[in-house]
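Nothing in this text is a laboratory measurement; each read-out follows from the coordinates by a stated rule. All values derive from a computational prediction rather than experimental measurement. Heads up, the Cβs are rebuilt from the backbone with ideal geometry, glycines too, and the neighbour counts pull from every protein chain shown.
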Amino acid sequence: MRDRVDRVPVVVQGGGRRMGRAGLARLLWVGAEAITTVGVLVALLVVHQVWWTNRQAVAAAREQVQALEGEWGDSPPVPFAPGDDGAAPSGSPAPPSSSPPPAGSGGGTAAGGSAPSGPAPARDRAYAVLRIPRLGLSVPVAQGVDKRAVLDKGYVGQYPGTAQPGAQGNFALAGHRNTHGEPFRYINRLRAGDELIVDVRGRRYTYVVGQVLGETSERDTGVIAPVPRSIVKPGYGYGEPGAYITLTTCTPEYTSKYRLVVWGTLKG
C-alpha cells in the first residue's frame with residue numbers, strides 16, 4: 001500500500017506537466033491563428049484601398065472625360081491665342097467662371113482681356129479636362145477639393161477662389177498621388193517646358209511648366225496665391241502677375257506629410 005501511495009504523486013505530476021505543455025501549445029496555436037487572421041484582413045484592406053479603389057476611380061474618371069467630350073462634340077476646344085478676350089468661339093457656350101475670388105486675388109480677368117462670362121460650374125461637378133501629354137494623363141477637373149465629393153472619385157479639384165482656366169491669377173488644382181485613381185502620382189516627373197492642357201467647352205488653354213517645388217509644408221498657402229510663391233521656401237515661385245496653373249499633391253508617396261508643387265504659365 002505504501003509503495004502504491006508513493007507512486008501516485010509521480011503519476012499526477014507527470015500528467016500535469018503534459019497537460020500544461022498541451023495547454024500552452026494550444027494557446028500559442030490560437031494566438032498564431034488570430035495574428036494570421038488579422039494579417040489577412042489588413043492585407044485585404046490594403047488591396048482594396050490601393051488596388052480596387054484605383055480601378056474604380058480610374059474607370060469613373062475615364063467615363064467622365066468621355067462624357068464631357070461627348071457634350072462638347074459640336075464645339076470642340078479651340079486653342080487660346082494671345083489677344084483673345086477669353087470668350088468662347090461664336091455659337092458656343094462661354095467657358096464657365098470659377099467661384100468668386102477673394103478680394104485682391106487677381107483671379108477674375110482673362111489673359112489678354114476681360115473675364116470669360118457665363119454661369120459658374122456646379123460645385124463638385126466636372127467641367128473641364130486636364131491633359132498632361134508627358135504622363136499620358138487625361139483627368140476631369142471639378143470645383144472644390146473635398147475628398148469624398150471630388151478627389152476620391154479620381155478627379156482633380158480646383159481650389160475654391162482661385163482663377164478660372166486662362167484667366168489672370170492662379171488656376172490651382174489638387175489631386176491624389178496614391179489611391180483613388182492617383183492622377184497626380186507621377187507629376188514629380190514633369191520638367192520645365194512640359195505642357196499642361198486644360199480643355200473647357202469651346203476653349204483649350206495650354207500652360208507650360210516653369211518650376212517644380214519638390215517638398216513644402218501642407219500649410220504653405222503661398223503656392224496657390226494669385227502670384228504663386230512659397231512662403232516656406234521663398235526661392236520658389238514667381239514675383240509678378242500672370243496667368244498661372246498650379247498642381248499640388250502629397251509627398252512622399254503614401255503619406256500626407258508634405259506637398260509637391262508644379263507651376264506653369266499660360267502659353268501665348
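Which FRET efficiency value, to the nearest 0.05, do you get for Thr221 and Gln66 by plugging their Cβ-Cβ distance into 1/(1 + (r/R0)^6) with R0 = 30 Å? Once the sixth-power term is evaluated, E becomes 0.30.
Based only on Cα atoms, what Rg/Rh ratio does the stretch 147-268 have, Rh being taken as Kirkwood's radius?
On the way: Rg = 13.4 Å, Rh = 14.3 Å.
Answer for the stretch 147-268: 0.94.
Straight-distance candidates among the lysines for linking to Lys257, with alpha-carbon spacing under 18 Å and chain neighbours fewer than 8 residues away dropped: Lys147, Lys233. Sorted fewest first by neighbouring Cβ atoms within 10 angstrom, Leu28, Leu68 come out as Leu28, Leu68. Hey, got the dipole for the stretch 116-268? About the Cα centre, +1 on K and R Cβ, -1 on D and E Cβ, debye to the nearest 20? About 200 debye. By the count of other C-beta atoms within 10 Å, a proxy for reagent exposure, Arg123, Arg26, Arg229 are ordered fewest to most as Arg26, Arg123, Arg229. By the beta-carbon count within 10 Å of each Cβ, the least crowded to most crowded order of Thr162, Thr255, fewest first, is Thr255, Thr162.
The largest-to-smallest principal axis extents of the Cα set in the stretch 185-233 are 37, 24, 18 Å.
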